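Visitor: If you scroll down you'll find the structure; I have some questions about it.
The values are calculated or read from the model by the stated rules, or taken from the named source; none is laboratory data. The structure presented is a predicted model; accordingly, all values stated were derived computationally and were not measured. As a convention, Cβ positions derive from the backbone with ideal geometry for all residues, glycine included, and neighbour counts pool all protein chains shown. Heads up: the accessible areas ignore ligands, DNA and RNA and are worked out on the full protein's heavy atoms, side chains in. Shrake-Rupley method; radii C 1.70, N 1.55, O 1.52, S 1.80 Å.
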Amino acid sequence: NRRQYPKAADYWRRNIQRHGPGSNNYKQKRLDQIVKNWARFEGTGVQPAGQGASIELRFRNGKRVDFEAREIDVDRLLADVKAYLKSNRQQIDWQKVNIGDIGHRIVQQDQQKYVGRRVATWEQKLEPRANHFDRRITVTTPLRDAGAYFVTAKMADGNVSRVVLRSEEHTSELQSH
């Protein structure tokens, strides 16, 4: 909490060396959280189509991140939801009808059937802050068409983060928000 990351990393290293990694390797995992390359998408809302949609990315330690964007098959998703609702179930599973949570479903429930063709790949060089501090940047994507996209960020020598990015044609509803 006091943001003394180099000092904390040193204490974790010495503790691991002296007493071992702990059950389930928890000490090494805590050290890795500080010193390894890491990135995470921040929340994103619906974006206007026609210009490169942007995403907020928080990262630490890394110097490059690779991105991939794939189309989400919204028509298939909606058809599946409609078919499920028409099946006259006694009790409805809200997870099967919650289309706003499609990113979670794709990642956690292995629903890759909604992920379509790759539409873009790009990379971005990063300038990490010293002493393992987080940095937040705005990434402008090459995604200009309206649609829903499953975007993956792979941190060089680090973790993977995923987000659903939606862009829509300009409407008066979008402009009023």
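Visitor: Which ones in the stretch 112-132 are assigned to a loop (DSSP other than H, G, I, E, B) and either surrounded by 15 or more Cβ atoms within 10 Å (Cβ to Cβ) or at pLDDT below 95 (or both)?
Guide: LEU126, PRO128
Visitor: Show the residue pairs meeting these rules: Cβ distance below 7 Å; 6+ apart or different chains; first residue within the stretch 33-51 and farther than 13 Å from VAL163 by Cβ and modelled with pLDDT of 90 or more; second residue of a type in the set (A, V, I, L, M, F, W, C) and surrounded by fewer than 17 Cβ atoms within 10 Å (Cβ to Cβ).
Guide: Pairs found: ASN37/ALA156.
Visitor: Additional query: If I filter the stretch 92-115 for residues that are closer than 18 Å to GLY52 by Cα and touching a helix residue (DSSP H, G or I) at 6+ places or on another chain (Cβ under 6 Å), do I get at least one hit?
Guide: Within the stretch 92-115, not a single residue is closer than 18 Å to GLY52 by Cα and touching a helix residue (DSSP H, G or I) at 6+ places or on another chain (Cβ under 6 Å).
Visitor: Further question on the same structure: Any idea how many residues of the stretch 52-86 are farther than 15 Å from ASN159 by Cβ, open to solvent by 30 Å² or more (accessible area, probe 1.4 Å) and assigned to a strand (DSSP E or B)?
Guide: Residues flagged as farther than 15 Å from ASN159 by Cβ, open to solvent by 30 Å² or more (accessible area, probe 1.4 Å) and assigned to a strand (DSSP E or B) within the stretch 52-86 amount to 4.
Visitor: While we're looking at this one, here's another question. In the set ARG162, ARG136, ARG166, which member is modelled with pLDDT under 90 and either closer than 24 Å to GLN47 by Cα or acidic (Asp, Glu) (or both)?
Guide: Among ARG162, ARG136, ARG166, only ARG166 is modelled with pLDDT under 90 and either closer than 24 Å to GLN47 by Cα or acidic (Asp, Glu) (or both).
Visitor: Would you check which residues across the stretch 32-47 are part of a strand (DSSP E or B), farther than 16 Å from PRO6 by Cα and open to solvent by less than 40 Å² (accessible area, probe 1.4 Å) and list them?
Guide: ALA39, PHE41, GLN47
Visitor: Being open to solvent by less than 50 Å² (accessible area, probe 1.4 Å) and out of contact with any Ser or Thr (no Cβ under 8 Å at 6 or more places or on another chain) is the filter here, so list the residues in the stretch 150-161 that pass it.
Guide: Hits for the stretch 150-161 are PHE150, ALA156, GLY158, ASN159.
Visitor: Quick check on my filter: what residues within the stretch 87-101 are acidic (Asp, Glu), assigned to a helix (DSSP H, G or I) and farther than 28 Å from ARG117 by Cβ?
Guide: Answer for the stretch 87-101, where residues must be acidic (Asp, Glu), assigned to a helix (DSSP H, G or I) and farther than 28 Å from ARG117 by Cβ: there is none.
Visitor: Among the numbered criteria (1) modelled with pLDDT under 80; (2) more than 19 Å from the chain's Cα centre (by Cα); (3) surrounded by 15 or more Cβ atoms within 10 Å (Cβ to Cβ), which single criterion is violated by GLN95?
Guide: All conditions pass for GLN95, except number (3).
Visitor: Looking at (1) open to solvent by less than 40 Å² (accessible area, probe 1.4 Å); (2) modelled with pLDDT of 95 or more, which is the one condition that is false for GLY22?
Guide: Checking GLY22 against (1) open to solvent by less than 40 Å² (accessible area, probe 1.4 Å); (2) modelled with pLDDT of 95 or more, the one that fails is (2).
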